[in-house]
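> My questions will all concern the structure given below.
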Amino acid sequence: MFRLALILHIFIGSTLAGSAVIAALVLGQSSLWGILFAALVGFLVAIPVSAWVARKLYVG
C-alpha cells in the first residue's frame, strides 16, 4: 500500500500544489516566497490525501 500511496502522491501532490499556486496568484501573491509557500502547502496537504485514497483503493 505504501508504494501505491507514493505513486498517487506524485499525481495528487502536483495537482494540489498547482491548484494552491493558482489560488495564491488569484489572491495577489505574486512574490516568489508566496508562490513557493503555496506550492509547499499543497504538496504537504497531498500526503494524507494520497494515503487516504490509497487505503480506499487497496481495501476496496
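The values are calculated or read from the model by the stated rules, or taken from the named source; none is laboratory data. In this text, all values refer to a predicted model and were calculated from it rather than measured experimentally. Using ideal geometry, Cβ is built from the backbone for each residue, glycine included, and neighbour counts are taken over all protein chains shown. SASA here: full protein model, heavy atoms, side chains in, ligands and nucleic acids out. Shrake-Rupley method; radii C 1.70, N 1.55, O 1.52, S 1.80 Å.
> At a Förster distance of 30 Å, what's the computed FRET efficiency of LEU57 paired with LEU27, Cβ-Cβ distance as r, to 0.05?
E(calc), rounded to 0.05, equals 0.35.
> How much area per residue is accessible in the chain when the probe is 1.4 Å and only protein heavy atoms are counted (Å²)?
Working: 4450 Å² over 60 residues.
Solvent-accessible surface per residue comes out at 74 Å².
> Could you check how much of the accessible area of the chain is carbon and sulfur, as a whole percent, using a 1.4 Å probe?
On the chain, the fraction of accessible area on carbon and sulfur atoms equals 78 percent.
> Here is a follow-up. Could you compute how much accessible surface PHE37 exposes when probed at 1.4 Å, giving the result in Å² to the nearest 10?
PHE37 has an accessible surface of roughly 140 Å² with all protein chains in place.
> Rounded to the nearest 500, what is the 222 nm mean residue ellipticity of the chain from helices alone, with -39500 (n - 2.57) per DSSP H run of 4+ residues and division by all residues?
-31500 deg cm²/dmol
> First check a/c for the chain, with a ≥ b ≥ c the square roots of the eigenvalues of its C-alpha gyration tensor; if it is under 1.5, answer rounded, and if not, answer prolate when a/b is larger than b/c or oblate otherwise.
Prolate shape, in that a/c is at least 1.5 and a/b is the bigger ratio.
> All other residues with a Cβ under 15 Å from the Cβ of VAL49 taken together, and with Lys, Arg as +1 and Asp, Glu as -1, what is their net charge?
Spelling it out: positives minus negatives among the neighbours equals +2.
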